[in-house]
Amino acid sequence: MGVTGPPGPVMDRDEVDRALARLGAEHKAVEDSLLALQDHAGRRLLEGAELTGTTKDRWAGTERAITLLWTYFDVYTAALHEAREVRARRRWPGREELAELTERLRGESVTVPGGATLLAERFTLERLVERMNELYASSLDMVVTADAVWSALPARIDLLAAELNRTRSLAHSVGVRPGEHPAGDDLESITHELVTLRSQVVTDPLAFWRPAAGSSAPGGGRPDTDRYDRAARALEDVRREIEAVLQVRQDSEARLLRLRDVLSRADRTLTEARAARGEVLAKIAASEVPVVSGPPTALQERLATAAEYRRHARWHRLSPLLEALEREAEDELLRAREQLTAVTAPLAVRAELRGRLDAYRAKVARHGLAEDPLLIERYDVARRMLWSAPCDLRAAEQAVLRYQRAAAEALSGAGPVDRRGSQ
C-alpha cells in the first residue's frame, strides 16, 4: 500500500490525469491488500478461536481496525469515483473544474462518517491512504504473528507429545512408573506441561512471540519456544534414563557375575591379609600391625537384593543399585589391597634388609674381604636378627647399617690390594 503525491496549487489537466492514474493504482493496491488480509489463514483462525489474554485484547482491537479499514476504503473508493466523474465531463476541463479536481485530489475533501461515539473525520486522499496503511500494518502484524505461532508451536508440541507417549509405554514396560521411579514422575510432569502449553498457545498465541529488536515490519520476530525446548530437553533426559534401564535388562546377568567376582577377590584379599597379619605378629617384634576388616557382608547382601530384582524384572530398581554396587565393589577391592599392603609392610622391610645384607656380603667377597673378622662378626649379628623370630626390625636395621659401614671402610682401604689380587 503506497502514498499519493504531495498537495499543491491548482493542478493542470496533465497533473490531474497523472494523479488520477496514481490514485487508481493506489486503489488497486489497497483493495488487493485488504482482500489478502480478509483471506489470510491467520485471520480466519483468529475469528474462530476462543481467545484469552493478550491475544483476546489485541484481536478485539484488530477487528475494529479491520472494520474501520473497509469503511475508509469504501469512502476512498467513492471519492475516487466522484473525482473520475468530474474529470470525465469534458476532455479539456476548465479552470473551475480543475479547481474542483484539485480540491478533491489534494484538499480535505473526504469525510468519514463517525459512529455512535465517534465524530466524523475529514481527510485528504493522501492522509486517508496513510491512515489505511497504519491500520493495515498493525492488523497484518497481529494476524501474521498469531499465524506464525500457530504454525510453529502446536505441531511441534503434538510431535513431542507423540514421542512422550512412546517413551511412557517403554517406561511402563520396564517398570518405570509415577511414584516408583523419578523418571516416571518426570514423565507425568512433562505431560502436564505439554497439555498446558498447547492450550495456552492455541488460545493466546501472542504470549509466545518475541518481536525482533528494531524491526517495524509486520510479523517481525519469532515464536518463543523456551518452554517447549525445556520440555523437549526434559523428555530427552528421561528417554536416556529409560534406555539405561533397558540396557540394564540386557546386560544385568553379566554385570552381576562381574560384581560377584570383584567381591570374591576382595574377600580373598582380606583373607590373605588376615593370614599375613598373623605371620607378621609371629615373626616381627615390636611392630604395629593394623587390624584387618571383616568380609564385605553388607555388599553381599545388597548383591543378593540385586539378584532378586533381576529375577522379578524390577529393572528400574536394579539399574541404580547396580551402578552403586559397581562403584562400591571396586572401592572395597581397593581397600582390601591397601590393607594387605599395610599388613605385609614389615615383612617387606625385613626382606629388603635381608637383600641389602646379602648384597653387601657378595660385594666384599668379590673384593677378597670375605674372611675379614670384623665383617664376619657384624654379618653374623645382622643375619641372626633378620632370620630369627620374632625379628626386631629396628635393631636388625641398625645391625645391617653397622655391617654396611664396616664393609665400606674395608673396601675403601683395600681398593689397591683388591685390584692387584684380581690381576
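Here are a few things to note about the model shown:
- Filter result for the condition that a residue is in contact with an Asp or Glu (Cβ under 6 Å, 6 or more places away or on another chain) and charged (D, E, K, R), over Arg122, Arg95, Arg43, Arg89: Arg122
- Pick from the range 72-123, criterion of a type in the set (Ser, Thr, Tyr) and either closer than 21 Å to Pro9 by Cβ or at pLDDT below 80 (or both), ranking: surrounded by the fewest Cβ atoms within 10 Å (Cβ to Cβ): Thr117
- Any hit, the range 321-341, residues being within 30 Å of His172 (Cα to Cα), assigned to a helix (DSSP H, G or I) and open to solvent by 70 Å² or more (accessible area, probe 1.4 Å): yes
- Filtered by the rule that a residue be open to solvent by 70 Å² or more (accessible area, probe 1.4 Å), free of Cβ contacts under 8 Å to residues at least 60 places away in the same chain and over 13 Å from Ala406 (Cα atoms), the range 372-394 gives Arg383, Arg384, Trp387.
- Residues of the range 142-178 classified as more than 25 Å from the chain's Cα centre (by Cα), of a type outside the set (A, V, I, L, M) and at pLDDT 90 or above, total: 4
- Which listed residue, of Leu347, Leu322, Leu357, Leu334, is free of Cβ contacts under 8 Å to residues at least 40 places away in the same chain and of a type outside the set (D, E, K, R): Leu334
- Positions within the range 369-411 being among the charged types (D, E, K, R) and not in a helix (DSSP H, G or I), in sequence order: Glu371, Asp372, Asp392
- Residues satisfying the stated conditions in the range 248-272, i.e. of a type in the set (S, T, N, Q), under 19 Å from Leu321 (Cα atoms) and either in contact with a strand residue (DSSP E or B) (Cβ under 8 Å, 6 or more places away or on another chain) or in contact (Cβ under 8 Å) with a residue 60 or more places away in the chain (or both): Ser252
- Tally, over the range 37-68, of residues that are among the aliphatic types (A, V, I, L, M) and open to solvent by 60 Å² or more (accessible area, probe 1.4 Å): 1
The values are calculated or read from the model by the stated rules, or taken from the named source; none is laboratory data. What you are looking at is a predicted structure, and each value in this text was computed from that prediction instead of being measured. Because the Cβ atoms are built from the backbone with ideal geometry, glycine has one as well, and the counts that use them run over all protein chains shown. Protein only, heavy atoms only, side chains kept; ligands, DNA and RNA dropped before computing areas. Shrake-Rupley method; radii C 1.70, N 1.55, O 1.52, S 1.80 Å.
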